[in-house]
1. For the range 55-87, which positions are of a type in the set (D, E, K, R) and within 12 Å of K130 (Cβ to Cβ)?
2. Hey, could you check the range 36-51 for residues that are part of a helix (DSSP H, G or I) and of a type outside the set (A, V, I, L, M) and say which is farthest from V77 (Cα to Cα)?
3. So which residues in the range 84-108 are buried (at least 16 other Cβ atoms within 10 Å of the Cβ) and either touching a Gly at 6+ places or on another chain (Cβ under 8 Å) or modelled with pLDDT under 65 (or both), if there are any at all?
4. Show the residue pairs meeting these rules: Cβ distance below 6 Å; 6+ apart or different chains; first residue within the range 69-86 and more than 10 Å from V126 (Cβ to Cβ); second residue assigned to a loop (DSSP other than H, G, I, E, B) and modelled with pLDDT under 85.
5. State all residues of the range 53-68 that are acidic (D, E) and touching a residue at least 40 places away in the same chain (Cβ under 8 Å); if no residue qualifies, say none.
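The values are calculated or read from the model by the stated rules, or taken from the named source; none is laboratory data. Because the structure is a prediction, the values reported are computed rather than measured. Quick reminder, even Gly has a Cβ in these numbers, built from the backbone with ideal geometry, and neighbours come from all protein chains shown.
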Amino acid sequence: MELIKQIQINIDYILKLIKKYHEDHIKDKEISNKITMLKNITDWSNFVKGAFIEFERIVKPDGWIAFEVGEIRNGTVNLDEIVVPLGKEVGLDCEGIIVNLQNFTKTSSIWGVKNNHKGTNTNRIVLFRKPSNG
């Protein structure tokens with residue numbers, strides 16, 4: 001196959017298109033009514049613990065759960081450190097944590113969130129396994 005035309009597109013242009021699409025097509029109130037947003041760690045932990053109770057119930061023995069979190073409070077609180085004890089408390093084994101540092105322009109920059117300054121700047125994937133019955 002032969003390349004007919006190549007166009008170099010700046011990431012800022014793509015982010016502007018995403019922002020425009022968001023403004024033109026997404027009804028913020030409709031979406032925000034369906035999103036759970038909790039403002040403190042205690043409420044968030046209780047919400048997540050409820051999710052882990054359900055995961056433990058539905059995942060087969062030796063089954064895996066990959067739970068993605070980030071960090072908050074300008075990087076001073078890593079949510080994986082909160083999630084691991086919650087998973088263990090309901091009977092899951094934490095098999096590892098994968099941390100992906102982001103050194104690139106994030107989509108959230110179109111809403112004014114600067115990379116490595118505010119918002120979540122890492123992906124922290126906590127890997128849990130439900131122990132076997134035997």
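1. Matches in the range 55-87: E56, R57, K60, D62.
2. In this case the residue turns out to be G50.
3. Within the range 84-108, C94, K106 qualify.
4. Sorted first by the residue in the range 69-86, then by its partner, the pairs are G70/T120.
5. Scanning the range 53-68 gives E56, D62, E68.
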